[in-house]
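Trainee: Below are the structure tokens for one structure; questions will follow.
Laboratory data are not the source of any read-out in this text; all were calculated from the coordinates shown. Please read all numbers here as calculations on a predicted model, not as lab measurements. Here the Cβ is made from the backbone with ideal geometry for all residues, glycine too, and neighbour counts use every protein chain on show.
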Amino acid sequence: MKTFNFEGISFKTETHNSLLDEQIIELSRGKISEYKLKLVFGGDELPTEYKITWTLDQIDTMGFWSPSHHFVSNIAPDWCKAECASKLTSGMPVASLYNYDNENRLTISVSDPKTPIKIKAGVVEETGEIEYDIIFFCEKVSKMDEYEAIIRLDTRKIPFYEAVATTKKWWQQLGYMVAHKPEYASAPLYSAWYSFHQRTIPNEIVAQCKIAKEYGMDTLIVDDGWQTDDNSRGYGYCGDWEVCQAKIPNMKDFVDRIHDLDMKFMIWFSVPFVGYYSKNYDRFKGKFLHDRKNQNAKVLDPRFKDVREFIVGKYVDFVNKYGIDGLKLDFIDSFYLGEESSTEYDKMDTVSVEDAVEMLLSEISERLKAINPDFLIEFRQSYVGPVISQYGNMLRVTDCPNDPLMNRVHSLNLRICQDGIIHSDMMMWNKDETDEAVAYQLISTLFSVPQISILFENITDNHKKILKNYISFWREHKDTILNGEMKFADVHANYSKAKSTKNGETISVLFQSIVETVDSDKTSYIFNLSGKDYIYLELDKSLTYQAFDMYGNLSQEGTLNSGVSKITLGKCSMIKIN
């Protein structure tokens, strides 16, 4: 154990590496403090866990936020600390501690978004302090001679989401830029996954797309199933990436029919998997990272050049042959060292899996954008960190079918920590669902690009009216929704409300709150998801209003006086004030 004392903070370090020189260098001190960590390794040992620990008094500190938390997170005791896990293929190294006013108390970030790192915080019961850990190499990593990273501690009294926003800009200053944003990356889309799963039936999908286009959806994603006639799930038939002729006799015709609807065509690939039953399974023996026995597949090792060439070549050939506009690249977070990982380092381009994945993604992006500069690439949470989001221009919430709460929380989390284009998870619902529940699910994801995955013949006429009204509003106000300045309330309540402001208008969703302050200088649109049939509005002058129900029908209009007004507003309805 070593101790490094800086003003106000005593860092303790602990490592299991027997041959290691370590330094922590104070770079700056203030409301934002930066410390440089330098590790020099000796001998042939692989890096093992290296932990930095410090304690601070717990004063007005109530919660722990990280990009990957499903719902609200307490700080937890020091014997089971709250944690943020990060590596190149999953998450990002930033965690924020806040009070119940959403004010930042300490935002911790690390300059290295590639190495497996955990940031932890836990209450010390005996002292009323919080003990913090940053653990480096928390998963198996490849050999290295030395390692450097900068630890950044932000204690400014600002909204925690603003502190996180400065962290993402810090990463950009370090060279991790956001991917190019093509126009269609922010277009509402129709996904065939929840509606068809592995039943890839071109005629039926085209029929759904004809209707989806009328509703304002401009892109189709064909998901898993196009490569196999087996519909039993799992990934045993991945790896050859040949179109299943029994399902799709003419792939080019399928793509052309979607293009004739003036829609883009995207298709799914599982990036790392080679299934047990594929022709390529034997070809790559000795070049797998680990076995996914429960999914009948193994994970390719991208440290080998021929593995990367195989993956990239498949995508390029497929795009050129069929005129595909984009790829949904899945399971990137499955790239990690495991029981089968090769140690034949002399046959590899790099011994680092993290570096190899970055090389793979860079090669994919470069080759596909050479075909089309506006090529679409979708990544799914949790692979949305600073490195990986340089290559994906559509960043989707993790799978949460018919779960509006998770879709809402994750889409807002991603809006806080990402400058890329955030998509909701695909929205679907039971054919007998209530109108209110359908509207609630849609509006819950207002601040992300809507993805829809339903069979239109299985929903009611009222569902159709709600969906058409929602997408029409979303498209009309897209710039404010996606590019406005956002504010968030009550993260500890899974966000009681959120709003976005740009170009003279503000759009708010009251998820739980029933109170909103109206900016009299802007046109305001306020959605009521509070569960109440009324809200309170605070105005500094009299303004006119119109209220619309979930179907888009005008339900009332009038004038609101200066001061606080209680107004009847139906569940999932919207009020416009100007």
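Trainee: Applying 1/(1 + (r/R0)^6) with R0 = 45 Å to the Cβ-Cβ distance of N231 and R475, what FRET efficiency is obtained, to the nearest 0.05?
Mentor: The computed FRET efficiency comes out at 0.85.
Trainee: Still on this structure: In nm, what is the difference between 0.36 nm times the number of residues separating S28 and E183 and their Cα-Cα distance?
Mentor: Between S28 and E183, full extension yields an extra 51.7 nm.
Trainee: Only sites in a loop by DSSP and with at most 13 other Cβ atoms within 10 Å count here; which chymotrypsin sites (Phe, Trp or Tyr not before Pro) in the stretch 1-103 make the cut?
Mentor: F71, W79, Y100
Trainee: So, in Å, what gap is there between the alpha-carbon centers of the stretch 396-415 and the stretch 486-550?
Mentor: Between the Cα centre of the stretch 396-415 and that of the stretch 486-550, the gap is 21 Å.
Trainee: Here's a follow-up. Using only alpha carbon pairs under 8 Å that are at least six residues apart, calculate the relative contact order of the stretch 2-173 and give it in whole percent.
Mentor: Rounded, it is 25 percent for the stretch 2-173.
Trainee: Next up: Sequence gap at least 6, Cα distance under 8 Å: using those rules, report the relative contact order of the stretch 184-396 to the nearest whole percent.
Mentor: 18
Trainee: Per 0.36 nm of contour for each residue apart, how much would the distance between L455 and K369 grow if the chain were fully extended, relative to their Cα-Cα spacing?
Mentor: Stretched out fully, the L455 to K369 stretch lengthens by 27.7 nm.
Trainee: Tell me the trypsin sites (Lys or Arg not before Pro) within the stretch 14-89 that lie in a loop according to DSSP and have at most 16 other beta-carbon atoms within 10 Å.
Mentor: In loop regions of the stretch 14-89 (DSSP not H, G, I, E or B), the sparsely surrounded trypsin sites (Lys or Arg not before Pro) are R29, K31.
Trainee: Could you list V123, V438 so that the one with the fewest beta carbons within 10 Å of its beta carbon is first and the one with the most is last?
Mentor: If I rank by nearby Cβ atoms, fewest first, I get V123, V438.
Trainee: Exposure proxy check: S362, S334, S73 ranked by fewest other beta carbons within 10 Å?
Mentor: S362, S73, S334
Trainee: Of the listed pairs K81/K157; K114/K252; K247/K369, which have alpha-carbon separations greater than 27 Å here?
Mentor: From K81/K157; K114/K252; K247/K369, over 27 Å: K114/K252; K247/K369.
Trainee: What nm value, rounded to one decimal, do you get for the distance between Q173 and K541 when each label is placed 7 Å out toward the C-beta?
Mentor: 4.0
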